[in-house]
1. What is region 409-551 by shape, rounded, prolate or oblate, if you read a ≥ b ≥ c off the alpha carbon gyration tensor as root eigenvalues and call it rounded for a/c under 1.5, prolate for a/b larger than b/c, and oblate otherwise?
2. Taking the beta-carbon count within 10 Å as an exposure proxy, list Ile212, Ile266, Ile438 from fewest neighbours to most.
3. For a quick protection proxy, order the peptides 326-337, 483-494, 349-360 by their average other-Cβ count within 10 Å, most packed first.
4. Rounded if a/c is under 1.5, else prolate if a/b beats b/c, else oblate: with a ≥ b ≥ c from the C-alpha gyration tensor eigenvalues square-rooted, which is region 115-237?
5. Using the Karplus curve 6.51 cos²θ - 1.76 cosθ + 1.60 with θ = phi - 60°, what ³J(HN,Hα) values do you get for each residue of region 224-236, in whole Hz, with x for Gly and Pro?
6. Assuming 0.36 nm per residue, please report the length gained on full extension of the stretch Arg564 to Ser478 beyond their Cα-Cα distance.
7. Could you work out how much longer the chain between Glu431 and Asn571 gets when fully extended? Use 0.36 nm per residue separation minus the Cα distance between them, nm to one decimal.
8. Between Leu578 and His171, what length in nm is gained on full extension when 0.36 nm per residue of separation is reduced by their alpha carbon distance?
Amino acid sequence: MALTAYAPISIPHALCWLAMRSAVLAHAETPHRGALYRRSVISIQSYTDGPFWSQSMALRQDLRAMSPSPAEPGPIASVRIPLGFPRDFIASSVPATAAPARMRRFVQLTRSNPTYHVRTLGCRVNHAESREIEGLLQARGFEPAPASQIADMEIVHTCAVTTQAAAKSRHAIRRASRGDETRTPTVLVTGCLVSADPQQAASLCGGEENAISHRDHDHRTMIERLAVRVDRWLVDRGDTPLPAPPIADQRSEDGLRILPVLAPPIPGRHARAEVRIQDGCDAHCTFCIIPSLRPTLRSKPPELVVEEVRRLVELGHREIVLTGIFLGAYGHETALRRKQRHPQSEPLADLLDAVAAVDGLARVRLSSMEPGDVTEPLLDAMIANRPVVVPHLHLPLQSGSNAMLHRMNRQYRVEDYQDMIQKVNEAFTDEVGLPPAITTDIICGFPGETEDDFARTVEVAEASAFLHMHVFPFSPRSGTAAARWTDRFVPDAVVRRRVRHLIDLEEDPIDGLSMRWRRQLLGRSVRVLLESEDEDGFMTGRCDHYARVHVPTRRRRHETVHVRITHVSSNRTSGRVLELDHPLKVLETKMEATR
């Protein structure tokens, strides 16, 4: 780490030294980053008997008084001298108790904090983990590098759920590994690709120590192992890392594995922030590789989730998405409902109550829920906490055929799914008849899928009136049961045709599922969280129901506005602003109008 004392060149050099002396003394008095560092040792080495020798001696005396005992050397720190300061003196990042031979290790005048990039592929959980990784790095003094520059450390957080995702991950690793004549980055690869193919991942990033998987071989999470690797890199660089996470299988009082928090949340670029509350899956759907990549189920304690949400709201985020690999298993030791010790308990419903009560939070959204996990207590909690909890659920269907669901080893039948859709509609349809928004995942071409099976899927999709469908062609993944059923593979041409059919079912400009649902918004007032500006200069954002809305307004990002929907087309929903959601913002707008 570096302690920096800046002073313009135009100020007399004596005043520069006084400023540096004050900064050093203040540093000794103040714990660094939440008292994670102990008191630092700083020494000054002079090369000449220049005009400010006496100031150097005075600063040395102050530093000597601050030094811990030789038996307890503190972490190394340095004074970083700004460009243009007289070079008679240079700060050395060597403990006062170090042997003279180590005095050769000097801090360069232009040395700055290490930089990083985090490249993320895959699902919401991966994006939430990447935020945690960035928080871990920033707690250790790293700074994000501009996108156009090569960073000291390039981290690629990978996905391997499909063969296409794995290919994109490999390409991202190769791109991250490209250095230039000035810098060769250290590349660390994390996530599901490492778990799926550790040897290949290691070959792409310079060795096994740089490939960090989710596999729980030492009771540490992937991010805990990443912290150890980053700390080793800092030691090699000559810095002092934070204390390493303890090796322990952390469990709650009732024996559930805990998902730890290693660093405070950091501000993001978006109004929406994902909070990872659960990890791991043991449901073993026959097409899914995740249980072999993330086999250990962990849940983040409710008090830690609430504190993380509170901090994110303070940092400016208005919407929180609670996410997990198997969100319905939050607070349970298994994702298999028939094996849960307390299947009637609803930890997720209790957590939703607590999160929705955080002051300043505009919206809470659940990421992906298995149909059987949308229980009566959870629906009650969602309704009780409206409008903070939004009327939108992502409920994977995968197939509308019971024969296919059985072969997929899903935990529901088509009838269960349709009953659940009906309950959600009854619970969330508002007083003017606007139903909740349901989005889903569907696999086309699962081994053995017949034309009749696919026709049933189309029927269920139409009856469910989805706002959006994520349609995937079946992707055989090594190690899964479905990958071995090669005799039942559906021809590629047939799979492509079925995928296209479902996409057209949603996107038809006249009568597609998306148009049908969004037409219901015409003339209605919806709440929109402004997120970005589009190519036409409109502000865009998601309404509570997750439809993207374009608004002609000069209002700022992260504001919540009420919008009257005036136009719906095949690729656009737009309207005019009625009012700002927050009363203080309304007052500010009125005051600006009178100026």
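Taken together, the values in this text are just the output of simple stated rules run on the coordinates, not laboratory data. Computed from a predicted model, the values in this text were never measured in an experiment. Positions of Cβ are backbone-derived with ideal geometry, glycine not excepted, and every protein chain shown enters the neighbour counts.
1. Numbers: a/c = 2.31, a/b = 1.71, b/c = 1.35.
Judged from the Cα gyration tensor, region 409-551 comes out prolate (a/c at least 1.5, a/b above b/c).
2. Working: Ile212 28, Ile266 18, Ile438 25.
Going from least to most buried by this count: Ile266, Ile438, Ile212.
3. Values: 326-337: 21.9, 483-494: 12.5, 349-360: 17.1.
Those peptides, ordered most packed to least, come out 326-337, 349-360, 483-494.
4. Values: a/c = 1.42, a/b = 1.17, b/c = 1.21.
Rounded, because the longest to shortest axis ratio a/c is under 1.5.
5. Per-residue couplings from phi come out as 5, 5, 5, 4, 5, 5, 5, 5, 5, 5, 5, 4, 4 Hz.
6. On the way: separation 86, 0.36 × 86 = 30.96 nm, distance 4.96 nm.
Answer, rounded to one decimal: 26.0 nm.
7. Values: separation 140, 0.36 × 140 = 50.40 nm, distance 2.76 nm.
Stretched fully, the Glu431-Asn571 segment lengthens by 47.6 nm.
8. Values: separation 407, 0.36 × 407 = 146.52 nm, distance 4.58 nm.
Roughly 141.9 nm would be gained on extension.
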